[in-house]
Amino acid sequence: MTAHSKPDAGSLHAPMAGVLDRVACELSQLSGSLGHVETLIGPLILQAARRDAQLVRQIQDLDHIRQKMQALADFLAALALAAPDHCLVDAIAAARLINLADLAARLTFSDADKAARQGEWGDCELF
């Protein structure tokens, strides 16, 4: 079984490795997005920091958050590789706690997001 294996269509249970891998990819993509935001707002904050030195600490906090997100993604990806094939979880039940429908669909391979997923999975690169 690969980390990107899809659950059986008739089952509510998905391989733990696949769920961990999907969450790792989401976190990695968020970390990358936050890095882009950091690049965009960094010069503005540094310019404003001439008036308020506290702003430099805030941009450093943003970078620290991005680093933590990527570290968590790497950790979950490593767990996904080590998860036994027989470990199954009810990802659909867990996804009911997520308010963002597209995210919940990606994490559970929901049919509602099937078209958007095609070609998407497997493209995530974790560093």
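The values are calculated or read from the model by the stated rules, or taken from the named source; none is laboratory data. Bear in mind the structure is a predicted one, so any value in this text is a computation, not a measurement. Positions of Cβ are backbone-derived with ideal geometry, glycine not excepted, and every protein chain shown enters the neighbour counts. SASA here: full protein model, heavy atoms, side chains in, ligands and nucleic acids out. Shrake-Rupley method; radii C 1.70, N 1.55, O 1.52, S 1.80 Å.
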Task: Accessible surface of the stretch 57-99 [probe 1.4 Å, protein heavy atoms]: carbon and sulfur percent - done: 61
Open item on the list: Just to confirm, what accessible area per residue do you get for the stretch 54-111 at 1.4 Å probe, in whole Å²?
Closed with: 66
TODO: For the stretch 56-113, just say rounded, prolate or oblate: build the C-alpha gyration tensor, square-root its eigenvalues into a ≥ b ≥ c, call rounded for a/c under 1.5, and beyond that prolate if a/b exceeds b/c, oblate if not.
DONE: oblate
Task: Proximal charge balance of Q67 [Cβ under 13 Å; K/R count +1, D/E count -1] - done: -2
Task: Cα gyration tensor shape for the stretch 49-88, rounded if a/c is under 1.5, else prolate or oblate - done: prolate
